[in-house]
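Colleague: Pasting a structure here, questions to come.
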Amino acid sequence: MEMEHINENTIRVLIGNEDLADRGITFLDLLGNHKEVENFFYSILEEVDIEDEFQGSEAVTFQVLPKSDGLELFISKNASVEDVPNIGSFNDLSSDEASAMIRKQLEANYTDETKDLIDDSIRSYVLELDSFESMVQLANEIYVKSMLANLYKYKDKYFLQVMFFLDEVSVTEIENEWSRLLEFGHQSSVTPEVLNEYGSCIMERNAIELTRYYFH
């Protein structure tokens with residue numbers, strides 16, 4: 001891991017894939033595991049901020065840019081979100097919100113090589129639901145770990161995009177869970193890209209849990 005002070009308010013950290021592996025972190029953890037996101041970035045801050053110049057600041061912001069050989073992390077202090085584009089502050093965010101912020105930064109900036117890594121490590125499906133009532137029923141009957149779910153509305157129909165992490169669940173388990181989900185709809189030919197561009201995202205990342213919470 002390499003570190004340099006860009007100026008008195010910003011540290012630039014280069015985190016290689018070997019550094020991630022040494023810390024037991026994968027790129028997918030940063031997309032899906034909010035606790036890993038929080039612990040990882042603050043551990044990096046603690047490691048590079050030897051004189052506690054940044055940890056004592058009221059506003060610490062992070063910008064993360066994925067690279068084919070790791071991550072490039074910018075840590076800034078005393079900078080507002082308005083002053084530093086694409087950087088978000090963790091101070092006023094919950095763990096889930098911080099994770100979502102980092103995930104959006106990664107998705108907005110990843111390279112084709114990084115996209116290939118994600119594609120090879122995630123099994124994604126799109127379920128066209130019979131109705132919104134089917135979503136409510138699904139949420140109250142299905143409990144799945146190691147899965148992200150986005151709920152979209154597109155052309156007056158409801159679609160659930162589900163993403164399983166292959167490093168956390170076996171292919172057999174994925175197939176079993178997908179079979180259960182198919183009880184509430186059918187596999188759609190509509191792609192996640194179409195839903196993301198033309199559909200309306202109603203619930204992101206934790207659609208099943210949120211639906212269960214609001215419609216139990």
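Colleague: Just to confirm, what accessible area per residue do you get for region 115-216 at 1.4 Å probe, in whole Å²?
Modeller: Normalised by residue count, the accessible surface of region 115-216 is 56 Å².
Colleague: Using mean Cβ contacts within 10 Å as the protection proxy, how do 210-216, 138-144, 160-166 order, highest first?
Modeller: Packing proxy ranking, top to bottom: 160-166, 138-144, 210-216.
Colleague: Now for a different question. Would you mind counting up the charge near Arg12? Only other residues with Cβ under 10 Å from its Cβ, with Lys and Arg at +1 and Asp and Glu at -1. Write out the running numbers ahead of the final one.
Modeller: On the way: positive: none; negative: Glu2, Glu4, Glu72.
Cβ neighbours under 10 Å give a net charge of -3.
Colleague: Here's a follow-up. Compute the FRET efficiency between Asn140 and Ile6 as 1/(1 + (r/R0)^6), taking r as their Cβ-Cβ distance and R0 = 35 Å, and round to the nearest 0.05. Working shown, then result.
Modeller: Numbers: r = 50 Å, r/R0 = 1.43.
Once rounded, the FRET efficiency stands at 0.10.
Colleague: On to the next question. Which far-off residues, 5 or more places away or on another chain, put their amide H under 5 Å from the one on Tyr158, with H placed in the peptide plane?
Modeller: Counting only residues 5 or more places away or on other chains, the set is Leu129.
Colleague: Once the Cβ-Cβ distance between Glu168 and Ser189 is put in as r, and R0 is 41 Å, what FRET efficiency do you end up with, to the nearest 0.05?
Modeller: 0.90
Colleague: First compute the accessible area of region 136-206 with a 1.4 Å probe, then give the percent of it belonging to carbon and sulfur atoms.
Modeller: That fraction is 45 percent.
Colleague: Multiply the residue gap between Ser200 and Glu46 by 0.36 nm, knock off their C-alpha separation, and tell me the result in nm, one decimal place. Can you show the working numbers first?
Modeller: Details: separation 154, 0.36 × 154 = 55.44 nm, distance 3.93 nm.
Here the segment from Ser200 to Glu46 would lengthen by 51.5 nm.
The values are calculated or read from the model by the stated rules, or taken from the named source; none is laboratory data. All figures in this text were calculated on a predicted structure; none of them were measured in a lab. Counting neighbours? That spans all protein chains shown, and the Cβs are built from the backbone with ideal geometry, glycine included. The area values use the complete protein model at the heavy-atom level, side chains included, leaving out ligands, DNA and RNA. Shrake-Rupley method; radii C 1.70, N 1.55, O 1.52, S 1.80 Å.
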